[in-house]
Every structure is written in structure tokens, then in C-alpha cells.
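Read the structure below first, then the notes.
The values are calculated or read from the model by the stated rules, or taken from the named source; none is laboratory data. Everything numeric here is computed off the predicted structure, so don't read it as measured data. Please note: Cβ atoms are built from the backbone with ideal geometry, for glycine as well, and neighbour counts cover all protein chains shown.
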């Protein structure tokens with residue numbers, strides 16, 4: 001019975017073994033088969049053909065990944081370079097701004113030195129250190145005071161024109177009232193002193209940045225663009241200093257004075273350095289008291 005069962009099982013498995021043998025023979029033939037021209041094993045070509053799509057896809061993915069990583073690295077490098085260029089540009093702009101400011105400061109200081117030659121007065125060059133915003137910038141503080149010879153009512157000027165007068169001093173600072181202040185005033189003339197009869201006084205108009213010239217006879221010729229000089233009659237400013245330029249005139253008449261508005265020549269809103277003139281007005285001679293005595297003696301003699 002056992003032998004019969006074994007023969008039966010072998011007959012049942014014979015087709016399977018036959019198929020396996022045929023498949024093995026096919027595999028051996030495939031492995032040993034060669035192309036007629038190149039004598040290359042055909043299995044290699046088949047394997048390359050099967051692997052080609054996978055290799056192509058892998059190559060594309062690898063190339064894309066490599067390109068993406070390269071772009072990220074390039075972007076980061078570009079960003080770092082841009083930041084460095086921005087920093088260099090900011091530094092260069094700051095250096096250029098400082099150089100321009102230094103050049104402007106040298107020009108202003110050179111103007112103050114030339115001013116001494118023009119006015120022939122001793123002067124103290126000073127810098128602005130504060131503005132009083134409570135009165136609309138009509139007073140400023142400078143960094144020189146009584147220890148430098150600065151005194152009350154001394155005129156403060158720039159090469160362009162008058163700025164104002166000293167109203168308070170300490171040993172190391174002084175306060176200056178600008179000519180645009182409503183309480184400021186100065187004797188002035190339209191045109192050159194001795195060549196014009198259009199004399200009057202100027203006073204500030206407060207916040208407008210202009211000054212007004214009053215008491216000029218309506219018979220005197222005054223036009224927009226005329227320049228205004230100090231006369232020295234106020235015992236503060238020496239004669240011949242530039243006040244400003246006429247920007248508006250309401251002409252008067254024989255019985256009414258002109259209304260004249262002047263733009264100060266000194267750029268009061270951009271003040272940085274000024275000069276305090278160590279100027280004291282000349283003493284005016286006292287009225288002659290001897291004449292009445294002479295008259296009395298003459299009368300006594302005649303009697």
C-alpha cells in the first residue's frame with residue numbers, strides 16, 4: 001500500500017517537476033544566451049532595460065534634490081552677501097554724511113573768521129547747545145558766557161546777518177534773543193547809511209519768522225528786494241550789519257508810514273555756529289552844561 005501511494009504521488013508531482021525543469025532550462029539558456037553582434041549576454045540587456053525607468057526616475061529625483069539644495073545654498077549665500085552690502089552701504093552713507101557735515105562746518109567757521117575782518121570787532125565764536133521751544137524758538141543758548149567776555153546786550157551775528165542779542169549770561173553759557181522775537185528791536189535803514197533817508201526800526205513778528213520795519217516815511221521809496229542794514233542808533237548793533245531783505249511792502253503816503261516785512265538774512269532755523277561781537281556802543285557826549293554859565297557871565301558883564 002505504501003509503494004502504491006508513493007507511485008501515485010510521484011505521478012501527481014511529475015508535471016510540477018517537469019515545469020520546474022523546463023523553467024530552470026529556460027533560465028540557463030537565458031543566462032547563457034548572447035547577442036549575435038556584441039556577444040553580450042542578453043540577460044544584461046534585459047536587466048538594464050528593466051532597471052532603466054527606475055534609474056531614470058532616481059536620477060531625476062536626485063538631480064532635482066541636488067538642484068534644490070544648490071539653490072537653497074545659493075539663496076542663503078546671496079542673502080548673506082546682500083546683508084554685507086547693505087551694512088557697507090550704510091557705513092559709506094554715514095561716512096559721506098559726516099564728511100559733508102564736516103565740510104559745511106569748516107565753511108561756516110571760515111565765514112566767522114572772515115566776519116572778524118569785515119567788522120573789525122573782536123568776537124567770540126560759539127555753538128548753539130539749546131533752543132527754547134516754549135517761546136517758539138525765539139531764544140537760543142550758546143556755549144560761551146562771561147568767562148569768555150560775553151556780556152548783556154552784545155550783538156550775535158553770522159556771516160549772513162544779525163541773529164539777535166545776549167539777554168542773559170552765566171560763566172560758561174549765554175542766552176540769545178533772536179531778532180524775530182516780538183520783544184527784539186534794532187535801528188535800521190533801507191539801503192546804505194548816508195545814502196538813504198528810509199530809516200526806522202525793526203522788530204520781530206513772533207512765529208512767522210519775519211521781522212517788521214516801522215516808522216519809515218511813506219514818501220521814501222521802498223521796494224521788494226531792497227536790503228536792510230543796521231544804523232547803530234539802538235546802542236546794541238554796530239552800524240552796517242545786514243538785517244535782511246524786504247519781502248513785502250504796503251506803501252504808505254505823506255501821512256502814513258510804510259508797512260514793511262523783512263526776511264532775516266541769517267538762517268535762524270539752521271543755526272549751528274554764531275559769533276558774539278564784543279561790541280560796546282560809543283559813549284555819547286553829555287549835553288554841554290557850560291553854555292548857560294557863559295551866558296550868565298555875559299549877562300553879568302553887560303549889566
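Taking residue 182 as meeting all but one of (1) at pLDDT below 90; (2) crowded, with 19+ Cβ neighbours inside 10 Å; (3) in contact with a helix residue (DSSP H, G or I) (Cβ under 6 Å, 6 or more places away or on another chain), write down the number of the exception.
(2)
Name the residues in segment 182-213 that are over 38 Å from the mean Cα position of the chain (by Cα) and assigned to a strand (DSSP E or B), would you?
193, 196, 199, 200 - these are the residues of segment 182-213 that are over 38 Å from the mean Cα position of the chain (by Cα) and assigned to a strand (DSSP E or B).
Looking at segment 226-238, which of its residues are surrounded by 15 or more Cβ atoms within 10 Å (Cβ to Cβ) and within 25 Å of residue 277 (Cα to Cα)?
Scanning segment 226-238 gives 227, 228, 229, 230, 231, 232, 233, 234, 236, 237, 238.
Kindly indicate whether residue 140 is modelled with pLDDT of 75 or more and farther than 30 Å from residue 173 by Cα.
Working: modelled with pLDDT of 75 or more: yes; farther than 30 Å from residue 173 by Cα: no.
In short, no.
When you go through 260, 236 one by one, which is the residue that is in a loop (DSSP other than H, G, I, E, B) and within 38 Å of the chain's Cα centre (by Cα)?
Answer to the selection: 236.
Residue 169 fails exactly one of the following numbered conditions: (1) over 30 Å from the mean Cα position of the chain (by Cα); (2) at pLDDT below 95. What is the number of that condition?
(2)
Across segment 120-166, which residue is nearest to residue 240 (Cα to Cα) among those that are in a strand (DSSP E or B) and over 25 Å from the mean Cα position of the chain (by Cα)?
162
With 210, 219 as the choices, which residue is under 18 Å from residue 161 (Cα atoms) and either assigned by TED's automatic domain parsing to the domain that holds residue 138 or in contact with a strand residue (DSSP E or B) (Cβ under 9 Å, 6 or more places away or on another chain) (or both)?
210
Answer yes or no: is there a residue in segment 199-206 that is out of contact with any strand residue (DSSP E or B) (no Cβ under 7 Å at 6 or more places or on another chain), closer than 15 Å to residue 257 by Cβ and crowded, with 17+ Cβ neighbours inside 10 Å.
There is no residue in segment 199-206 that is out of contact with any strand residue (DSSP E or B) (no Cβ under 7 Å at 6 or more places or on another chain), closer than 15 Å to residue 257 by Cβ and crowded, with 17+ Cβ neighbours inside 10 Å.
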